[in-house]
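Engineer: I'd like to ask some things about the structure below.
The values are calculated or read from the model by the stated rules, or taken from the named source; none is laboratory data. All values derive from a computational prediction rather than experimental measurement. Because the Cβ atoms are built from the backbone with ideal geometry, glycine has one as well, and the counts that use them run over all protein chains shown. Accessible surface areas use protein heavy atoms only, side chains included; no ligands, DNA or RNA. Shrake-Rupley method; radii C 1.70, N 1.55, O 1.52, S 1.80 Å.
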Amino acid sequence: MAEKTGAYGKQENASGRDGKWDMEVFKERAKERDKEAFDKAKEHEEAALKGKKAPRTKPDLPKPTKLLEQRTHDLGIDNNLNKTMVVNNPGGRGAGQPGFYCDLCKRVSKDSIAYLSHVNGKTHLRRLGQTTQVARSTLDQVRAKIAFLRAQTSQESESKRFNFEKRLAEVTRLEDQRREAEKQKIRVEKEQKREKELKAKMGVQDEGIAGMMGFGGFGSRKIR
Ligand SMILES: [Zn+2]
């Protein structure tokens, strides 16, 4: 069958949107499925005749070549948290179904917990070529880790101490400001009181004269 490209550049499959169905492709798929089912049924029947349990179908897994390794990338489990998604492939096979799809194993997990346990599971790890055994750390590695943790802790406490000193300086500064403002207030009040007393001594008439002469009183103008 020649490959067709849709209006949006998408490859059209056998059940393309144009409504035409490629009967040959579907016949082929149906035949394959039938053959698989037939083989399985035959195995089960043979086992039953021998009085044995039906054999479990094991997936073909490669032999592990390395020990368990730490994941280096983020699984992105919460990437789509609280989002509404359009399901592109409802009821189909492969990616685009609701849930988490593992490309390596070609299977869908219905939720993040199932996906995480699949990714940490034996089958998935075997496909990555890993066993479930963890490498034993050497003495040097342990020492390096302890040194790293110690450095981290001391750095943290250092930054905490620095913050404390900064805050203390800020509090002291504010306190000084408050005291200065209080002193200023007392000074102003004293001056006003002194002026009042002086005016009372000189009497009202004198003040009138003083006003005529161009100055209203004693003391600074700023304060009044
Ligand atoms: Zn997998």
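Engineer: Using a 1.4 Å probe and ignoring any ligands, DNA or RNA, find the accessible area of residue 52 and quote it in Å² to the nearest 10.
Structural biologist: Looks like 140 Å² after rounding.
Engineer: Now, a different point. What's the Cα-based Rg to Rh of the stretch 39-123, Rh via Kirkwood? Don't skip to the end; give the middle numbers.
Structural biologist: Values: Rg = 18.0 Å, Rh = 16.3 Å.
Value, to two decimals: 1.11.
Engineer: In nm², what is the average projected area of the convex hull enclosing the Cα atoms of the stretch 40-183? Mind showing how you got there, number by number?
Structural biologist: Details: hull surface 75.2 nm².
Directional mean of the projected Cα hull area for the stretch 40-183 stands at 18.8 nm².
Engineer: With a 1.4 Å probe and all protein chains kept in place, how much accessible area does residue 77 have, in Å² rounded to the nearest 10?
Structural biologist: 50 Å²
Engineer: Here's something else I'd like to know. Report the label-to-label distance for residue 50 and residue 36 in nanometres (one decimal), using points 7 Å from each Cα along the Cα→Cβ vector.
Structural biologist: 2.4 nm
Engineer: Give 31/52; 63/122; 35/58; 83/106; 58/106 a once-over and call out the pairs whose C-alpha atoms are over 20 Å from each other.
Structural biologist: Working: 31/52 29 Å; 63/122 12 Å; 35/58 18 Å; 83/106 24 Å; 58/106 15 Å.
Result: 31/52; 83/106 exceed 20 Å.
Engineer: Leaving ligands, DNA and RNA out of it, work out the accessible area of residue 74 with a 1.4 Å probe and give it in Å² to the nearest 10.
Structural biologist: My reading of the accessible area for residue 74 is about 130 Å².
Engineer: What nm value, rounded to one decimal, do you get for the distance between residue 85 and residue 182 when each label is placed 7 Å out toward the C-beta?
Structural biologist: Result for the modelled spin labels: 6.4 nm.
Engineer: Another question, then. Ranked by accessible surface with a 1.4 Å probe, highest first, in what order do 119, 86, 108 come?
Structural biologist: Greatest to least solvent exposure: 86, 108, 119.
Engineer: Any idea how far apart residue 168 and residue 72 come out in nm if each label point goes 7 Å out from Cα toward Cβ?
Structural biologist: 4.6 nm
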